[in-house]
Amino acid sequence: MKPSLQFSVPCLNVPEEARLPSFENVFYELPSPDFPFTVDFFLANGWCAGQGRFFQEVRLLTPAGQVLVQTGKQPFELPHELQPYMVVNKFQGLRFDAPGVYRIQILLEGEPYLDYPLEIRQLFLQNAGPSDEKRPESQPAPESQPPPKPAPPATSQKDEKDGFLSSSIPPGYKPGSV
């Protein structure tokens, strides 16, 4: 019996020390003041209500529909209908060249199962001093104040051990354990 995808959660952290999995900084969009924008994040998929051996794949598509990154086949097993299984992918150093609506695709046995948007949004920063609060964005800043400096771009470190993309289950987590 094929499983159901109980959840697909993009987040910035999945703490390894937690007895039960938890997700920190869950998001539906990623804003950045600068592009290209580089970020590390996790995608946790929870499968349940099935029985047998399966494989999932995750793809992240650009706004033009090109594959930005994909995991390849990730096998998992559900020994019985009541035992869930969680697959956690860690995307490291993922570079977004431009803002837009990207797509996260989850495939089960090579067939599309779930597809949802991930907006990568341009963030516009302003100096919000008291005199600036009522000034429209299109109006130039007064000469007495220097223009705001852009925020530094997000950075990440590539984990040489895991490579660009790694698939992992948090240590200590056993599907179906309480």
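The values are calculated or read from the model by the stated rules, or taken from the named source; none is laboratory data. Keep in mind the model is a prediction, meaning the values are calculated, not measured. Note that each Cβ is placed from the backbone with ideal geometry, even for glycine, and that neighbours are counted across all protein chains shown. When the accessible area is computed, the model is the full protein with side chains, heavy atoms only, and any ligands, DNA or RNA have been set aside. Shrake-Rupley method; radii C 1.70, N 1.55, O 1.52, S 1.80 Å.
Just to be sure, is residue 177 closer than 30 Å to residue 4 by Cβ and modelled with pLDDT under 50? Answer is yes for this residue.
Can you tell me which residues in segment 29-46 are of a type in the set (Phe, Trp, Tyr) and in contact with a Leu (Cβ under 6 Å, 6 or more places away or on another chain)? Before the answer, list the steps.
Going residue by residue through segment 29-46, those that are of a type in the set (Phe, Trp, Tyr) are 35, 37, 41-42.
Scanning segment 29-46 gives a single hit, 41.
Quick check on segment 1-12: of everything there that is assigned to a loop (DSSP other than H, G, I, E, B) and either at pLDDT 95 or above or basic (Lys, Arg) (or both), which residue is nearest to residue 104 (Cα to Cα)? Full working, then the answer.
First pass over segment 1-12, keeping only residues assigned to a loop (DSSP other than H, G, I, E, B): 1-3.
Still in the running and either at pLDDT 95 or above or basic (Lys, Arg) (or both): 2-3.
Working: 2: 21, 3: 19 Å.
Step by step, filter segment 1-12, then rank; the result is 3.
Scanning segment 45-92 for residues that are open to solvent by 20 Å² or more (accessible area, probe 1.4 Å) and touching a residue at least 60 places away in the same chain (Cβ under 8 Å) yields 71, 81, 82, 83, 84, 85, 90.
Condition check ((1) under 24 Å from residue 112 (Cα atoms); (2) at pLDDT below 95; (3) over 19 Å from the mean Cα position of the chain (by Cα); (4) among the small types (Gly, Ala, Ser)) across all residues:
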{"position": "14", "(1), (2), (3), (4)": "no, yes, no, no"}
{"position": "58", "(1), (2), (3), (4)": "yes, no, no, no"}
{"position": "78", "(1), (2), (3), (4)": "yes, no, yes, no"}
{"position": "83", "(1), (2), (3), (4)": "yes, yes, yes, no"}
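Residues in segment 95-130 that are surrounded by 18 or more Cβ atoms within 10 Å (Cβ to Cβ) and hydrophobic (A, V, I, L, M, F, W, C): 96, 106, 107, 108, 118, 120. Across segment 14-38, the qualifying residues are those that are touching a strand residue (DSSP E or B) at 6+ places or on another chain (Cβ under 7 Å) and under 26 Å from residue 108 (Cβ atoms), and the one among them that is surrounded by the most Cβ atoms within 10 Å (Cβ to Cβ) is 14.
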